[in-house]
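Asks: What follows is a structure written as C-alpha cells; I'll ask about it next.
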Amino acid sequence: MATELTRLSAAQIAAAVASGEASAVEVTQAHLNRIVALEPDVHAFLHVAGPEALAAAEDVDRKRAAGELLGPLAGVPLALKDVLATKDMPTTCGSKILQGWQPPYDATITQRLRAAGVIILGKTNMDEFAMGSSTENSAFGPSRNPWNLSRVPGGSSGGSSAAVAAYEAPLGIGTDTGGSIRQPAAVCGIVGMKPTYGGSSRYGLVAFASSLDTPGPLARTVLDAALLHEAISGHDWRDSTSVDAPVPPVVAAARQADVSGLRIGVVAEFSGEGYQAGVLARFNESVELLESLGAKVIEVSCPHFTYALPAYYLIAPSEASSNLARFDAMRYGLRVGDDGVASAEEVMSVTRAAGFGPEVKRRIMLGTYALSSGYYDAYYGKAQQVRTLISRDFDAAFEQVDVLISPTTPTTAFPIGERVDDPMAMYLADLCTIPSDLAGNAAISVPCGLAPEDGLPVGLQVMAPALADDRTYRVAAALETALEQRWGGPLLAQAKGLGE
Amino acid sequence: MSITRDEVAHLARLSRLALSDAELDHFAGQLDQIIGAVARVQEVAAEGIPPMTHAVPVNNVFRDDVEVPCLTPEQALAAAPATEQARFRVPRILTEE
Amino acid sequence: MSLTELVPYDEALSRYEPVIGLETHVELGTTTKMFCGCRIEFGAPPNTSVCPVCLGLPGSLPVTNRAAIEYTIKIGLALNCTIATWCRFARKNYFYPDMPKDFQISQYDEPLCTDGYLDVTVEGQSFRIGIERVHLEEDTGKTLHVGGATGRIHGAEYSLVDYNRAGIPLVEVVTKPVTGTGSLAPLVARAYVTELRDLLQALGVSDVRMEEGSLRSDVNTSLAPIGAAEWGKRTETKNVNSLRSVERAVRFEIERQAGVLDAGGRVVQETRHFHEENGTTTSGRSKEEAQDYRYFPEPDLVPIAPPPDWVASLRAALPELPAARRARLQSEWGFSGQEMTWVVNADAVDLVASTVAAGASPADARKWWLGELAMHANKSGVELSSLPVTPADVARVAELVKAGTLNDKLARQVLAAVLAGEGSPDDVVAARGLAVVSDDGALTEAVDAAIAANPDIAARIRDGKTAAAGALVGEVMKATRGRADANRARELILERLS
C-alpha cells in the first residue's frame, strides 16, 4: 500500500483522502518513507520536515472527520523549493550565507499551501539563490536526476523536480526566472509551469531578479499542475506587482485537453545548431501529433528571441546585485571575521566572499558592472529595450497564433560536472525558456518522449499570452493524453533506476 | 568589449566581496567572456524603443495608511549574529554616509 | 587638519558673493511607514516597530503607502511645483549597516514634484527660492556608537542598530542654487527653512520637530569673488538640525571659505559636519572613490501616475498657507508691517497667535514674546519656541498685569520663575507672594512707617506740594520689595496728609 500511495497523482490522493480511502497521515508517512529510502541517491531535499508534515496531515484528517469541507488538494504532500519563506523550517536558498536561517514569517505561497491543506514535506535543493540550471551551484551538494543519477536534474528548481520525478512528492513548487521551473521539469520528465508574471505572489520568495521571478507548480500530470496552479494563484496585496485579476481557468483547461481549431506557432528561431537531435526528433513528432489532433500549426519567426539570452544575463544579474546586497552579516545569516577589530565594511566583504558561491559572485559582479554609471545605457538600459522588442515579437506572434511552442531545452540532462565551470555553456540550457520570462507571459513544459541517443526525457514548451495561462494547459493536456496513449502509460513509467 | 583585472577588483570592492588574487584572476577571465557575449545586445537597433522595466503594465498600486502588526523584538532579533540592548550589534563603522 | 584663518563676516562679504542651496529632509507624519504597515512612533523601545519589510528580510516586498504619496503631492502643490504625471521609485545602492536592504528606495531622475518656488522676506527684501525637486524616499535605521569618544562614530568599538526609524517616509526638498542674497545669505537660508517648516506644519504632513530630527537640512555654500563669471566649489554641511544652526552654518562657511580663498587656496568640494557647540564645521571623510549608487528603477514597485482629478482634489483641499495666514493675522492683530516682520523674524507667529487665543491682547502677546522672552532665549541660545513657557502662561501673566495683580517688574520676575521651572504664573505668584499689595491694611502700615520716617517730606505734602508724595511711594515700594500697588499707596499717603 505504501508504495502505491506514492504512485498516485495529486488528484487521486486528494480524492482518496476526501473519501476516507486513505488518511492524510498515511499518505504523508508513505512519502516520508520514500524520501528516507531515496534521498541518499537523489538528494532532492535540504530539509525534511517529518514532524511538521505529519502534524499538518493530522490536521487535515481531523477536519475531514469533523465534516469540514476540504480543498481540492487537501492531504496532498508537496516539496517546497528552499527559496520560499517558511516560519517553521529553515530557508537557505541553497546558500551558506543563509545556512540555518529560519524566517519569522511565511511566504504568501506557503500560507496558501497550508490553507489549502497541502502537506509541506520539506524544503528542496536548488542552485544558490536560484542562479543556475543544474543544482550544482547549491552550497549543499547537487541533486541527481532520478532517470540517471550521474546526470543533473536541471535547475534551479532541480530539487523539487527530482523529488516529483522520484515519487518523493506528487507536487513541487519551483520558481522560474530564466527557465528554472520548465528546464528542470523537462529534463526530469515532469510537468512544470511558469505562470504569467504577477499571477502568483512573490511575497516571501527570496528575490533573485524581481522583475522576472515567478513561482509555479511542478507535477507529474498536467491536471495536477493546474490544481496546484489554482491553489497558489491570485492577487496578493503584499506584492505590488501581483496581478489583480481572476485566476485563468487552468483546471478546466487541463480537463478540456482539446486543441482542435487552435492555432499553434512553432518558433523558427528555436531549432538547428546546438539542439540535440533526439530533442528535435521528439519535438517534431509532437508537432505532427498536435496537427493530427486538429490544431493548425504554422511556423512563426520571433527575430529578437536570439537576443534574449544576452539581455537576460544583463537584467537578471543587475537586479540580483541589488537584491543580494542585504546579505551583509549585520541582521541575519552568516557573519565571518568579526574579531572586534575588523570594521563593518570588512566583515561584510569577508562574509560575502565566504558565504556566496562562485556563480553568485560572478552574477553580482556582472550586475554591478552593468548598472555602473557610464555602462548603464550600453548594458542595462539596452537590455531593457531588447526586452521590449522581445515582448513585441510575442505580441506580433500572438496576433497570428493562439500559442507558441518550442523544445523546452536544447539538450537533455547533461552529466554532473560537465558545465560547472563553464558559465557560458551552462547559460545555454535556458535559451528557449528565457523569452517568456522577459515578456512575463505564461509557459509550460510537458514531457514529449525520450531522446533515443541517451534515453533521457525531452520537454515541449507551450507559451501563451499574459493571463492566458489556461491555453498552455489545454495544449499540454491534449498532448499528454495523446502521447500517453501512444506510450501505453506515463513517461515516468519508462524510467529505470528509481530504486524499485 | 573587455574587462581588465583591475576593473574586476573594483567591482569586487563595490560588491563587498573580499576576493583572493587567485579568484580575481579566475573571475576576470570568465567575466571578460560573459561580458563579450552579453554585449551582443548592442547589435540590436533599438532607437526610440522604450525600456521595459515591468512585465505587468500597471500603475498606482498603493496600500492604505493602516497599521499592520509588527514583529516582536525577539522575533526581529532572533537571527541576528549579535545583539545588545535589544539592538543589532554590528562591527565598528569607519565611514559616515 | 589645516587651520584656516577665518575672515570676519563683513569683510568676507565685501569681496565675495555667496551662493547657497538647501536640501531638506522631512519625516512625514503618516500613521505607518513608507512601504509597510509598521506604526511610526517616536521614542518607542528599540526594534519594536519593525517587520520583515522594513527589516529588509529576504523575500519581503515593499508596498507604497498612499498617504505618503498624497502628502508629497500636497507639499509639491504648496511649493508651486509641477506634479509628475508618471514617475517611479529607484534603488540607490550602497552598503551601510543602518540600511536594511543595503539599498534605499528613493527617486532618481523621476521625482514626484519638480520646479517650484517658495518666497521669503528678509529685512524687508523678498527672495524667491527656486525649488528644484521634491521627492520621496525611506529613512534609515538609527545607530548608537559604543566605546571611544561619547557616542561618536570615530573611535567607537562597535555599534548598535535600531531599525524603528528604517522605512519612515522621508521627503527631500531640494532648492535650486540661491544667488543674489549677498550678506543676507545666512538669514535667507534660515528664513527659507523656517518658511518651509511652517508650510509643512500648515499642511499637517509632518510634526517638523527639528530637535528630534524629523526635519533636517543639508546646507550647501559656495563663494566666488564678486563679479566672477563662475560659482565657487561648494561644500555640503550635513544634518544641520536647528534654524539657528542653519544660519550659523552658512555664516561660518562664508568666513571659512573666504579664509581659504584669501590664502590662495581652493575650496574642496566635500561633505562637512556642523558642530552645535561652537558653530563651526569640519571636513567629513573625503571619499577615496566617488560613490556610484547604480540607480535603477525599483522592480518591486509599479510606477506612480497620479490621475489629474486626484491632484486637483488635493489642491482644492490645501489649507491656508503661512504667507496668507501671516497677512490675515497682521490685519487681525492690527500690527504695522514692521511689527509683523519682527514677529516673523523672531519665529513667534504661532506663539503670538496661541497667546492671543489664550486671551491676551495681540500687543501684549507681542510685547512679552519679543521683549522679555526673546531676551531669555537669546541668552540661553535656544529657539523662542523651545523656552519652557507656554502661550497660556504668557497670556496669564498679561492678564494678571491687566488686572493690576502684577506690575511689569513683577511680571518679569514671574516669567523668569516660570522659565526656571517653578510652576505656572499663578503657582509662582502664590509661592513667592509676588502679587501687588493693594490691600489697605498691609499698605497703611507701610505708609505710616514712611511718613514717620520722613517728617520733612510729610510736612511738604501737607503744605500742598503733592508731587513730593512720589518720594514716599518709593519708600513704600522699597519696604514692600516692589509688591505695593503704587497708585493705592499714593492715594493713602495723600489721604493721611491732607
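Asks: Within the bounds of the stretch A:400-410, is there any residue that is at pLDDT below 95, over 15 Å from A:Leu309 (Cα atoms), hydroxyl-bearing (Ser, Thr, Tyr) and outside any helix (DSSP H, G or I)? Don't jump to the end; show me each part of the working.
Replies: Restricting attention to the stretch A:400-410, the residues satisfying the condition of being at pLDDT below 95 are none.
No, the stretch A:400-410 contains no residue that is at pLDDT below 95, over 15 Å from A:Leu309 (Cα atoms), hydroxyl-bearing (Ser, Thr, Tyr) and outside any helix (DSSP H, G or I).
Asks: Turning to a different aspect of this structure: Residues of the stretch B:68-97 being of a type in the set (A, V, I, L, M) and either facing chain C (nearest Cβ under 7 Å) or within 19 Å of C:His145 (Cβ to Cβ) (or both), which ones? If you could, list the steps in order and put the result at the bottom.
Replies: Step one: list which residues in the stretch B:68-97 are of a type in the set (A, V, I, L, M), which gives B:68, B:71, B:76-80, B:82, B:86, B:90, B:93-94.
Selection gives B:Val68, B:Leu71, B:Ala76, B:Leu77, B:Ala80, B:Ala82, B:Ala86, B:Val90, B:Ile93, B:Leu94.
Asks: Within the stretch A:81-112, how many residues are in contact with a Phe, Trp or Tyr (Cβ under 7 Å, 6 or more places away or on another chain), more than 10 Å from every other protein chain (Cβ to nearest Cβ) and surrounded by fewer than 24 Cβ atoms within 10 Å (Cβ to Cβ)?
Replies: Residues flagged as in contact with a Phe, Trp or Tyr (Cβ under 7 Å, 6 or more places away or on another chain), more than 10 Å from every other protein chain (Cβ to nearest Cβ) and surrounded by fewer than 24 Cβ atoms within 10 Å (Cβ to Cβ) within the stretch A:81-112 amount to 1.
Asks: Please report, ordered by residue number, the helices (runs of 4 or more DSSP H) entirely within chain B with at least 3 residues that are farther than 28 Å from A:Met365 by Cα and over 23 Å from the mean Cα position of the chain (by Cα). Spell out how you get there, then give the answer.
Replies: Working: elements: B:5-14, B:21-38, B:73-77.
In chain B, B:73-77 are the helices (runs of 4 or more DSSP H) which contain 3 or more residues that are farther than 28 Å from A:Met365 by Cα and over 23 Å from the mean Cα position of the chain (by Cα).
Asks: For the stretch B:38-61, indicate whether the set of residues that are surrounded by 15 or more Cβ atoms within 10 Å (Cβ to Cβ), more than 7 Å from every other protein chain (Cβ to nearest Cβ) and out of contact with any Lys or Arg (no Cβ under 8 Å at 6 or more places or on another chain) is non-empty.
Replies: Yes: one or more hits.
Asks: Okay, next question. Looking only at the stretch C:334-355, filter to residues that are surrounded by fewer than 21 Cβ atoms within 10 Å (Cβ to Cβ) and more than 21 Å from C:Glu123 (Cβ to Cβ); which one of those is nearest to the chain's Cα centre (by Cα)?
Replies: C:Asp350
Asks: Let me ask something additional. What is the one condition in (1) within 24 Å of the chain's Cα centre (by Cα); (2) among the charged types (D, E, K, R); (3) modelled with pLDDT of 95 or more that C:Glu41 does not satisfy?
Replies: C:Glu41 satisfies all of (1) within 24 Å of the chain's Cα centre (by Cα); (2) among the charged types (D, E, K, R); (3) modelled with pLDDT of 95 or more except (3).
Asks: Considering only the stretch A:330-345, state which residues are farther than 10 Å from B:Val90 by Cα, small (Gly, Ala, Ser) and crowded, with 20+ Cβ neighbours inside 10 Å.
Replies: A:Gly333
Asks: A further question on this structure: Do the conditions hold for A:Gly234, that is, is it of a type outside the set (Asp, Glu) and on the phi > 0 side of the Ramachandran plot?
Replies: Values: of a type outside the set (Asp, Glu): yes; on the phi > 0 side of the Ramachandran plot: yes.
Judged against the criteria, A:Gly234 is a match.
Asks: Okay, moving on. Within the bounds of the stretch A:200-208, is there any residue that is out of contact with any strand residue (DSSP E or B) (no Cβ under 9 Å at 6 or more places or on another chain), at negative phi and touching a residue at least 60 places away in the same chain (Cβ under 8 Å)?
Replies: Kept after step one, since they are out of contact with any strand residue (DSSP E or B) (no Cβ under 9 Å at 6 or more places or on another chain), are these residues of the stretch A:200-208: A:203, A:207.
Filter once more, so that each one left must be at negative phi: A:203, A:207.
Next, from what is left, pick out any that are touching a residue at least 60 places away in the same chain (Cβ under 8 Å): A:203, A:207.
Yes, some residue in the stretch A:200-208 is out of contact with any strand residue (DSSP E or B) (no Cβ under 9 Å at 6 or more places or on another chain), at negative phi and touching a residue at least 60 places away in the same chain (Cβ under 8 Å).
Asks: Considering only residues that are more than 10 Å from chain B (Cβ to nearest Cβ) and either in contact with a Gly (Cβ under 6 Å, 6 or more places away or on another chain) or polar (S, T, N, Q) (or both), which ones fall in the stretch C:35-72?
Replies: C:Gly59, C:Ser60, C:Thr72
Asks: Does the stretch C:121-158 hold any residues that are in a strand (DSSP E or B), at pLDDT 95 or above and among the small types (Gly, Ala, Ser), and which are they?
Replies: Scanning the stretch C:121-158 gives a single hit, C:Gly130.
Asks: Ok, one more. Can you tell me which residue in the stretch A:422-452 is surrounded by the fewest Cβ atoms within 10 Å (Cβ to Cβ), limited to those that are assigned to a strand (DSSP E or B) and within 13 Å of another protein chain (Cβ to nearest Cβ)?
Replies: Step by step, filter the stretch A:422-452, then rank; the result is A:Ala442.
Asks: For the stretch A:331-364, which positions are facing chain B (nearest Cβ under 7 Å), of a type in the set (D, E, K, R) and not in a loop (DSSP other than H, G, I, E, B)?
Replies: A:Glu345, A:Arg352, A:Lys361, A:Arg362
Asks: Hey, C:Glu277 hits all of (1) out of contact with any Gly (no Cβ under 7 Å at 6 or more places or on another chain); (2) charged (D, E, K, R); (3) surrounded by 15 or more Cβ atoms within 10 Å (Cβ to Cβ) but one; which does it fall short on?
Replies: Of (1) out of contact with any Gly (no Cβ under 7 Å at 6 or more places or on another chain); (2) charged (D, E, K, R); (3) surrounded by 15 or more Cβ atoms within 10 Å (Cβ to Cβ), only one is false for C:Glu277: (3).
Asks: In the stretch B:35-58, is there at least one residue being closer than 29 Å to C:Thr30 by Cα, of a type outside the set (A, V, I, L, M) and at pLDDT 95 or above?
Replies: Checked against the condition, which is being closer than 29 Å to C:Thr30 by Cα, of a type outside the set (A, V, I, L, M) and at pLDDT 95 or above, the stretch B:35-58 yields no hits at all.
Asks: Further, regarding this structure: How about the stretch A:155-238: which helices (runs of 4 or more DSSP H) wholly inside it have at least 1 residues that are charged (D, E, K, R), within 9 Å of the chain's Cα centre (by Cα) and away from chain C (no Cβ under 14 Å)? Steps first, please.
Replies: Values: elements: A:158-165, A:182-188, A:222-232.
Answer list for the stretch A:155-238: A:182-188.
Asks: Just give me the residues in the stretch C:226-248 being of a type in the set (A, V, I, L, M, F, W, C) and farther than 29 Å from C:Lys379 by Cβ, in sequence order.
Replies: If we filter the stretch C:226-248 for residues that are of a type in the set (A, V, I, L, M, F, W, C), which is where we start, we get C:226, C:228-229, C:231, C:240, C:243, C:246.
Selection gives C:Ile226, C:Ala228, C:Ala229, C:Trp231.
Asks: Name the one entry in A:Phe305, A:Phe327 that is facing another protein chain (nearest Cβ under 9 Å) and either buried (at least 24 other Cβ atoms within 10 Å of the Cβ) or at pLDDT 95 or above (or both).
Replies: Working: A:Phe305 fails: facing another protein chain (nearest Cβ under 9 Å).
Step by step, each of A:Phe305, A:Phe327 is checked, and only A:Phe327 is facing another protein chain (nearest Cβ under 9 Å) and either buried (at least 24 other Cβ atoms within 10 Å of the Cβ) or at pLDDT 95 or above (or both).
Asks: Of all residues in the stretch C:192-230, count the ones that are among the hydrophobic types (A, V, I, L, M, F, W, C) and within 12 Å of the chain's Cα centre (by Cα).
Replies: We begin by selecting, within the stretch C:192-230, every residue among the hydrophobic types (A, V, I, L, M, F, W, C); these are C:193, C:196, C:199-200, C:202-203, C:205, C:208, C:210, C:215, C:219, C:223-224, C:226, C:228-229.
Now restrict to residues that are within 12 Å of the chain's Cα centre (by Cα): C:193, C:196, C:208, C:210, C:215.
The qualifying residues number 5.
Asks: Would a scan of the stretch A:277-290 turn up a residue that is in a loop (DSSP other than H, G, I, E, B) and buried (at least 21 other Cβ atoms within 10 Å of the Cβ)? Break it down stepwise before answering.
Replies: Of the residues in the stretch A:277-290, the ones in a loop (DSSP other than H, G, I, E, B) are none.
Checked against the condition, which is being in a loop (DSSP other than H, G, I, E, B) and buried (at least 21 other Cβ atoms within 10 Å of the Cβ), the stretch A:277-290 yields no hits at all.
Asks: Testing A:Arg419 on (1) buried (at least 21 other Cβ atoms within 10 Å of the Cβ); (2) part of a loop (DSSP other than H, G, I, E, B); (3) not β-branched (Val, Ile, Thr), one condition comes back false. Which one is that?
Replies: (1)
Asks: Please verify whether the stretch A:470-484 includes one or more residues that are more than 14 Å from every other protein chain (Cβ to nearest Cβ), surrounded by fewer than 16 Cβ atoms within 10 Å (Cβ to Cβ) and in contact (Cβ under 8 Å) with a residue 24 or more places away in the chain.
Replies: Within the stretch A:470-484, the subset more than 14 Å from every other protein chain (Cβ to nearest Cβ) is A:470-484.
Within this subset, residues satisfying the condition of being surrounded by fewer than 16 Cβ atoms within 10 Å (Cβ to Cβ) are A:481, A:484.
Within this subset, residues satisfying the condition of being in contact (Cβ under 8 Å) with a residue 24 or more places away in the chain are A:481.
Yes, the stretch A:470-484 contains at least one residue that is more than 14 Å from every other protein chain (Cβ to nearest Cβ), surrounded by fewer than 16 Cβ atoms within 10 Å (Cβ to Cβ) and in contact (Cβ under 8 Å) with a residue 24 or more places away in the chain.
Asks: Still on this structure: Being within 28 Å of C:Gln257 (Cα to Cα) and either surrounded by 16 or more Cβ atoms within 10 Å (Cβ to Cβ) or in contact with a helix residue (DSSP H, G or I) (Cβ under 7 Å, 6 or more places away or on another chain) (or both) is the filter here; which residues of the stretch C:212-230 pass it?
Replies: To start, the set of residues in the stretch C:212-230 that are within 28 Å of C:Gln257 (Cα to Cα) comprises C:213, C:215-230.
C:Leu215, C:Arg216, C:Ser217, C:Asp218, C:Val219, C:Asn220, C:Thr221, C:Ser222, C:Leu223, C:Ala224, C:Pro225, C:Ile226, listed by residue number.
Asks: Moving to a separate point now. Would you mention how many residues in the stretch C:303-339 are within 21 Å of C:Arg197 (Cα to Cα) and of a type in the set (Asp, Glu)?
Replies: Number satisfying all stated conditions: 1.
Asks: I need every pair where a residue in the stretch C:408-433 that is modelled with pLDDT of 90 or more has its Cβ under 6 Å from the Cβ of a residue that is of a type in the set (Gly, Ala, Ser) and not in a helix (DSSP H, G or I), sequence separation at least 6 or different chains.
Replies: As it stands, the answer is none, since no pair meets every condition given.
Asks: Name the residues in the stretch C:421-448 that are loosely packed, with under 14 Cβ neighbours inside 10 Å, under 18 Å from C:Ala484 (Cα atoms) and small (Gly, Ala, Ser), would you?
Replies: Once the filter is applied, which keeps residues that are loosely packed, with under 14 Cβ neighbours inside 10 Å, under 18 Å from C:Ala484 (Cα atoms) and small (Gly, Ala, Ser), the stretch C:421-448 yields C:Ala430, C:Ala431, C:Gly433, C:Gly441, C:Ala442.
Asks: Let me ask something else about it. Answer yes if at least one residue in the stretch A:212-222 is surrounded by 24 or more Cβ atoms within 10 Å (Cβ to Cβ), in contact with a strand residue (DSSP E or B) (Cβ under 9 Å, 6 or more places away or on another chain) and farther than 25 Å from A:Pro77 by Cα, and no otherwise.
Replies: yes
The values are calculated or read from the model by the stated rules, or taken from the named source; none is laboratory data. All values reported here derive from a predicted model rather than from experimental measurement. Neighbour counts are summed over all protein chains in view; Cβ atoms, including those assigned to glycine, are modelled from backbone coordinates with ideal geometry.
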